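See below for the structure under consideration.
The values are calculated or read from the model by the stated rules, or taken from the named source; none is laboratory data. Treat the numbers as computed from the prediction; the structure is a model and nothing was measured. Cβ sites come from the backbone with ideal geometry, for glycine too, and all protein chains shown count toward neighbours. Just so you know, the surface numbers come from the protein's heavy atoms only, side chains and all, with ligands and any DNA or RNA stripped out. Shrake-Rupley method; radii C 1.70, N 1.55, O 1.52, S 1.80 Å.
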Amino acid sequence: MRTSRLVLVAALAVSGFVLHGVGPAIAQSAGSGWSGSVDATRSYLSADGKSHVVDHRHITLQVSATTNLRGRQEINVSWAGAHPTGGTVADVNSGDGANEEYPFVLLECRGTDAAAGRNRIRPETCWTQTWAERFQKDNTTGYPAWRSDSYATTAERGALVEAPDPRPAGCFRPALAERWVPFVAQGGVTYAGGSVGCAGMAPESANVGGGGMPSNATYGVTGADGKGSAQFDVWTRDENASLGCSDTVPCALVAVPVMGISCDAFGTELPAGQQPPANVADTADATCRANGTYQPGEANDPGKAADRAVTGALWWSESNWRNRITVPLTFAATASVCSVVGGERPVTIYGSVLMNELSAQWEPKFCTDSALHPFVHVQTSDEAARNLLGSGNIDAAFTSRPPAGGFARPVVQAPVALTGFAVSYAVDDAQGNAYHSLRLNARLLAKLLTQSYPANTLVRDNYPALARNPMNLTVDPEFVALNPGLPHYTAVEAAATIMMLSTDADLAWSLTSYLDADPEARAW
């Protein structure tokens with residue numbers, strides 16, 4: 001069963017700021033979309049060397065934004081015409097996604113297809129987070145599916161491919177067959193990886209799934225109709241220095257629609273004498289030709305093995321890699337450019353952490369334009385910034401409202417941004433797809449903020465005041481009436497509360513003012 005998602009987050013960007021002597025801000029375009037396509041195929045070579053195309057698909061791809069991107073920006077990616085995915089996992093950004101059959105793999109890679117040498121995109125310059133996404137071994141016949149790849153070079157079909165020599169002492173002894181896909185960092189350092197990362201991994205990696213920040217490598221799910229979509233989290237060198245993408249280091253979004261290994265298990269394209277032994281060729285052929293054990297849309301079952309030949313774990317194989325769609329990405333300059341430019345001393349502006357994304361976009365403009373004055377945003381709570389400004393300890397502050405009774409000294413107030421609070425959520429419908437039409441009201445928000453849902457039986461049974469309340473939002477009759485058809489869960493604690501910034505942020509003031517102005521929420 002697919003794990004449900006229900007997470008709500010309140011967010012607010014401030015509506016103005018107070019400062020002395022800084023010029024006007026300039027907004028920049030978020031970028032433009034991109035579309036492309038590929039004719040992807042899978043074929044088999046029989047023992048007599050004849051080729052048979054067994055799958056052909058015209059795959060189209062659309063990307064919402066590709067230029068002037070910023071770190072942690074999410075771009076919408078959608079596709080059509082791909083092979084339906086089976087063995088789906090709850091978190092498509094986890095290493096577990098590599099076990100899906102026929103996933104639509106999305107990767108951020110350094111380089112371009114047009115470049116040559118170290119600047120050309122190749123699997124070694126694409127980011128994945130766990131060792132298992134870059135290492136394969138076999139101790140059965142020694143001829144796993146990747147050794148039968150008809151599009152791979154002779155060297156790539158060897159028994160030990162790209163294994164470090166000498167082998168690190170921390171690595172297990174060699175298997176009958178091993179395929180290593182090292183990661184090459186921006187600075188040129190090569191991380192060999194290997195089993196459990198025994199030969200070294202990039203510092204941003206995790207040798208186990210679920211550790212640290214989730215990866216942006218995405219094992220997208222394609223529906224039975226051949227269509228799918230995902231939000232892809234773009235990283236710059238500020239988020240991943242080893243990958244190193246920036247306004248000066250070209251990178252791309254690479255979509256790899258997994259079609260499965262195109263087979264040459266009998267070695268008809270290998271040099272004489274390098275063919276698999278006759279007693280394993282038939283087995284190798286069957287292994288390579290496997291076309292999946294899961295039905296489209298069927299959830300992954302830990303007790304059911306996937307057919308490795310069609311899983312995302314072999315995204316790097318030439319059979320899959322050759323069908324890639326490469327989408328060039330360009331990035332906006334980050335605030336780090338200011339330390340290089342130097343020049344006059346920047347104005348220090350204290351204030352709301354919610355202005356961070358905006359100020360990070362403005363700082364490069366202000367420090368590189370001689371007509372403007374450079375500034376640095378020091379993130380503090382709104383209330384602290386107001387107090388510091390009122391006492392004369394700072395000269396400028398980002399804040400969304402004046403202090404009660406006004407400032408104790410003369411200040412100039414200038415509006416620079418206008419927005420409001422928002423409730424963000426990740427909720428799945430009854431079919432396990434992202435739900436985009438959630439409806440809430442002020443009273444439901446008040447219930448979430450005050451933690452009136454017990455969330456679990458332990459809390460319900462030990463707090464009489466909550467004993468008769470719905471277990472969480474999904475089973476609250478008021479919520480059900482606004483959102484008919486959504487699944488009901490009695491054991492999802494994420495559906496019992498809402499996450500938000502601390503009460504020192506003006507977000508809390510704005511949100512609670514909204515609740516206080518609603519008669520039903522106030523009465524409740």
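For D516 and R173, a Förster radius of 60 Å and the Cβ-Cβ distance give a FRET efficiency of 0.30, rounded to the nearest 0.05. Using a/c under 1.5 as the rounded threshold, could you call segment 121-178 rounded, prolate or oblate? The axes a ≥ b ≥ c are square roots of the C-alpha gyration tensor eigenvalues, and prolate needs a/b larger than b/c, oblate otherwise. It is oblate, given that a/c is not under 1.5 and a/b is not larger than b/c. For trypsin sites (Lys or Arg not before Pro), the sites in segment 421-524 that DSSP calls loop and that have at most 11 other Cβ atoms within 10 Å are R439, R468. Using Cβ point charges alone (K and R +1, D and E -1), the dipole size of segment 151-244 about the Cα centre works out to roughly 280 debye. Averaging Cα coordinates gives a centre for segment 203-278 and one for segment 313-348; these two points are 17 Å apart. When restricted to Cα atoms, segment 404-472 yields an Rg and a Dmax of 20.1, 59 Å, respectively.
For the chain, the fraction of alpha-carbon pairs lying more than 31 Å apart is 57 percent, rounded to a whole number. Of the chymotrypsin sites (Phe, Trp or Tyr not before Pro) found in segment 111-184, those that fall in a DSSP loop while having at most 14 other beta-carbon atoms within 10 Å are F172. What FRET efficiency comes out for D55 versus S391 if R0 is 56 angstrom and r is the Cβ-Cβ distance? Round to the nearest 0.05. E between D55 and S391, to the nearest 0.05, is 0.20. Mean projection of the Cα convex hull over all viewing directions, computed for segment 115-229: 9.8 nm².
The ratio of the alpha-carbon radius of gyration of segment 334-400 to the globular-protein estimate 2.2 N^0.38 Å is 1.12. Summed over the residues of the chain and divided among them, the accessible surface reaches 46 Å² per residue at a probe radius of 1.4 Å. Indicate the gyration tensor shape class of segment 474-524 (rounded, prolate or oblate), computed on the Cα atoms with a ≥ b ≥ c the square roots of the eigenvalues: a/c under 1.5 is rounded; otherwise a/b larger than b/c is prolate and the rest oblate. Oblate. Label-to-label distance for V423 and D165 is 6.2 nm, based on points extended 7 Å past Cα in the beta-carbon direction. Loop-located trypsin sites (Lys or Arg not before Pro) across segment 264-330 with a Cβ neighbour count of 16 or fewer within 10 Å are K304, R322, with loop assigned by DSSP.
Protein heavy-atom surface of the chain, 1.4 angstrom probe: 53% of the accessible area is carbon and sulfur, with nucleic acids and ligands not counted.
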